[in-house]
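A.B. asks: If you scroll down you'll find the structure; I have some questions about it.
The values are calculated or read from the model by the stated rules, or taken from the named source; none is laboratory data. It should be emphasised that the depicted structure is a prediction, and the values quoted were computed from it without experimental measurement. Virtual Cβ from ideal backbone geometry, glycine too; neighbours counted across all protein chains shown. Accessible surface areas use protein heavy atoms only, side chains included; no ligands, DNA or RNA. Shrake-Rupley method; radii C 1.70, N 1.55, O 1.52, S 1.80 Å.
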Amino acid sequence: MATQRRQPRSRPETLARRREILDAAVEIFGSKGFTGGTLQDIADQVGMTHAGILHHFGSKHELLLEVLQHRDETDVADLAEQHIPDGLALFRHLVRTAFVNAHRAGIVQAYVVLSAESVTDDHPGRDFFEKRYQTLRAEVAHAFAVVCAERGITTPETVGFASTSILAVMDGLQVQWLLDPDAVDLAHASEFAIEAIVSAVLSPSPSPLADDADEHADQPSRSTV
């Protein structure tokens, strides 16, 4: 009988060490950013040398990408097949994620800091975040299309705005919450916003902000909201 060649596997202690480094990197990048946080800072956090960190991750850039991937994996860890669901289940998942995030300030802070930094020139995380937002917008838009098809309605043109807005409001609320957690209820505010945006797409009603005379429909709104 032919013997089957086994693929090499990381030892449990190596995997545990890598996870420890990732957790430390989340904390350091969250508090100091990618530019300000150094591999030596992370090494000191876990009682290793700078060379030891490089042995596990190769470079600071590679470690950053692993941190970002780790963050996304935690969002779907409890889902079937570790994949974001579709239809209304996706919107329920986003709400659940907001409730989970309210209890993991460290990883939320790292995400907020790194995503903001990624808009700067030559940031190694820029490509990751560009693709991430493209993927998420497409997934939310597809979820709207699925729900509309299930209900026998034509997918509204507002889906594009809604998909962008849901992601924006979730990320924006995280910033407000990190700055003043006692004043901002991240979980329930996110739930309220997601429900409001979904309702606006599926069951649109006249805007309370519309000009009664509707004389300036083609001009920018004068609302001070």
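A.B. asks: Need the failing condition index for A138 against (1) open to solvent by less than 50 Å² (accessible area, probe 1.4 Å); (2) not in a loop (DSSP other than H, G, I, E, B), just the number.
C.D. replies: For A138, the failing item is (1).
A.B. asks: Has the stretch 87-99 got any residue that is over 19 Å from I166 (Cα atoms) and surrounded by 18 or more Cβ atoms within 10 Å (Cβ to Cβ)?
C.D. replies: no
A.B. asks: Would you point out the residue of the stretch 149-163, among those that are open to solvent by 70 Å² or more (accessible area, probe 1.4 Å) and in a helix (DSSP H, G or I), that is nearest to A189 (Cα to Cα)?
C.D. replies: F161
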